[in-house]
1. For a protection proxy built on the mean count of beta-carbon atoms within 10 angstrom, sort B:310-323, B:468-481, B:546-559 highest first, please.
2. Given B:Leu96, B:Leu31, B:Met61, which one lies farthest toward the positive end of the charge dipole of segment B:3-132, if we put +1 on the Cβ of every Lys and Arg and -1 on the Cβ of every Asp and Glu?
3. Total Å² of accessible surface buried at the A-B contact, 1.4 Å probe, nearest 100?
4. Listed here are the pairs B:Lys381/B:Lys429; B:Lys23/B:Lys167; B:Lys381/B:Lys432; B:Lys442/B:Lys622; B:Lys313/B:Lys337; which of them are more than 19 Å apart at the Cα?
5. Compute log10 of I(q)/I(0) for segment B:97-213 with the Debye formula, placing one identical point scatterer on every Cα and leaving out solvent, at q = 0.11, 0.14, 0.17 Å⁻¹, to two decimals.
6. Determine, at each q value in 0.13 (inverse angstroms), the log₁₀ of I(q)/I(0) that the Debye formula gives when each Cα of segment B:296-356 is one equal point scatterer.
7. Let me know the shape class of segment B:361-539, please: from the alpha-carbon gyration tensor, a ≥ b ≥ c as square roots of the eigenvalues, rounded when a/c is under 1.5, otherwise prolate if a/b is greater than b/c, or oblate.
8. Cross-link candidates for A:Lys76: which aspartates and glutamates have Cα within less than 12 Å, leaving aside residues fewer than 8 places away along the same chain?
Amino acid sequence: MSKKILIAEDSTTMRYLIVSTISAMGDFDILEAANGFEALRILPREKVDLVLTDINMPDINGLELVSFVRNNPHYKTTPLIIISTEGSERDREKGLSLGADAYLVKPFSPEELQGLIRRFLE
Amino acid sequence: MDDTSSSRAIKDFLAEAEEIIEKLNLDLVTLGDSAESGDYDPEQLNSIFREAHSLKGLSGMFGFNDICDLAHHMENLLDSLRLGKVSLDAQVVEVLFASLDSLTRLVNGKGDDEAFTLDVAPIMAQLEAVLSGKPDTETSLLAGIDPAILTVLTEYEEHRLSENLKKGRNLLRVKANFNLSSFDQDLAELSDLLKGQGEVISTLPCAGDSIEHLTFQLIFGTASSPEEITALVDAEGTTVELLRGEQESAVSPDDLQKGAVALETASPPAATVAPAVEAEESSSLRSISRTVRVDIDKLDTLMNIVGELVLSKGAIFSLADQIKASGVLELGTELQKATRLLERRLDELQKGVMEVRMVPVAQLFEKMIRIVRRVAGEHGKKVGIDLRGGETELDKLIVEDLSDPLMHIIRNAIDHGIETVEERIAAGKPEKGTICLWASQKGNHVVIEVRDDGRGIDPEKVRRKAVEKGLIAADAELTREGVYDLLFTPGFSTRDEVSDLSGRGVGMDVVHNNIAALSGMIEMESEVGQGTTLSITLPITLAIIKALVVRISGKTYAIPINAVLETLMIEHSAIRTIERREVIELRQSTLPLLRLSEVFDLEGPQVATDRSFIVVIGMAEKRMGVVVDELVGQQDVVIKSLGGALSFVRGIAGAADLGNQKTILVLDVGGLMSEALRGDNALYV
């Protein structure tokens, strides 16, 4: 069965870029969430193998999503990558201390993202 | 990424960038207005920050470094603003607007040519200057707040938390348990309820107490007491807890500590949220986003195909008639039935494609807010804008093409119409002028009104100017409408110096032509001292139209059916001549007539009967009768532009393919009426 990747990102274009970068790698089942709510809806219903999330999203931010994922026994070990525009060092540290496995800074090259995904899924 | 997907991605980028810029625009206007009063909504500022942030991230991915750098500088300033490191004042708002202008130009430029760029260094220097000129005033009040709460807050949320504490508000934690199926609405309701009483600083989701539930912890800053909030959110499973504030002395550090523990372990034990993978549900989860973005060219292609189909249907219909006429009755009838079914489905298809092309005019109006603000600023005038009917829908292409003329009209209204503050006060008017931008649908047309409450147009002034410019004779008598008409004449400007804003070397005649190109009509009403109203009447769509096919002097023409009010057959004796113009009496009013054979200099065979057909055409409130020899019938036609070479031909809107390889000309009803009624009681394009 192909691996499931959840992408939480509020920019349509950014989501499209991420999806096409991942699709180019092979057969992944990609679930898209345009905000934190949609991600929360998907998580309990799908066995997700990897979560990619943006930090700056309205209502529920990426850090809160990381905290939710890490504090839930079901996804405690699900790899989690934050993709965010370079910005506050504090936000980055918080993301990692909350349990994100990696932090990818936008703009990133397709190879960087693909490399990270390989690292966690292969 | 291969070439096609990369060009699609760039198109997507441009579309999204445009959306972001429009939103930025709108939000900045609101922010600018509230900054004047010194009391702005932090959430507004934060959303502006997020917009700049998104734009930076996006443009960076595409290697558009100019946009990326500029957005980055804007973001830095906005970040300091939202974190309270820089205070918001008029100067800051101005610099932000100027940056937005450059961003708009960059994005538009790249739409035409990806290599387009601008020197963004000066504007970035301005942004930096504003940023460095302001001292950092932020002091942290966060010491003592539970680290478990702080750890999920972004830097901005931390700032909001300390701002709330600075204002002496209570800090509450509201916990609510919601059903998985409806948590977003429930949470939105709760947030809205709370927002009435304070600020929701953070929303932390946790696993709920059962598989079907999710728990949310809202950190909430408010002037209300915990008891008041408890009463407000009164619902089962919702708890309110004071973290810091009024009763703080009553809360021991131990309690706070407990709060922290509770937060950390808020996710209940295992078995609660098991991933329940159900086939149906997972498939329905795939399509979360309910909208797609489509290139208008693709819709055009679809529309053209539908158009061709409609024409093919027409051809099949006439074949069926011929088959019947040739004696194969049964087959002919069957074919007719089948064609009618096809017709109905085609109608639905056509309607469907048409609907997809429709967009609310609000998109256009929002752009105008910015124009009003900027032009008013440059003239030192105070102008507010009143938008109505933004939900009215128009074909996307019409909306696009309307942007320039509308902008021009608004510039004109502010430049020439609205008086200076001093003049307004002297005239006993409110010092702030108003531009109304109202849209409404009237049958097959959309009417857009631009109304200002300025000084109005003085007919005498216009007359003098026209005489000076040699446009009219010194003793020419002008009706009120004739005066307005002059304003649309090329080369006419009532100001001695052409204003940089409304002038720009072009006048209202360009507006006039732009609207005409959209098969629209423009009318003007003005009252000295009261203001001026321009009404633009536009067809809802341009693509496929139903037309009445008529014959005049042996030639065939199509008249768009949405302009046809009725057809009459009259005796020639009913035609009278008033002031050298042919008219007939129609239900107690006088209907002016137009002979196309004269307009087009047709010398075909005159039909020697004592009767004629009159096609009564109308737009907005105006009526006119077109005299024709024969009514051929009603048909769908796809209008094709005549192209640049023939676009000057007056009275003709374009050519149409009738489906049997015959091309006929489509009458430009607005243009014809304008020509025929010139100087009558309105101004037509």
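1. Ranking the peptides B:310-323, B:468-481, B:546-559 by packing returns B:546-559, B:310-323, B:468-481.
2. B:Met61
3. For chain A against chain B, roughly 4600 Å² becomes buried.
4. B:Lys23/B:Lys167
5. Reported log10 I(q)/I(0), two decimals: -0.69, -0.85, -0.93.
6. -0.41
7. The shape class here is oblate.
8. Here the aspartates and glutamates satisfying the reach criterion relative to A:Lys76 are A:Asp49, A:Asp101.
The values are calculated or read from the model by the stated rules, or taken from the named source; none is laboratory data. Please read these numbers as outputs of a predicted model, since none were measured by experiment. Neighbour counts are summed over all protein chains in view; Cβ atoms, including those assigned to glycine, are modelled from backbone coordinates with ideal geometry. The accessibility values were calculated without ligands, DNA or RNA, using every heavy atom of the protein model including side chains. Shrake-Rupley method; radii C 1.70, N 1.55, O 1.52, S 1.80 Å.
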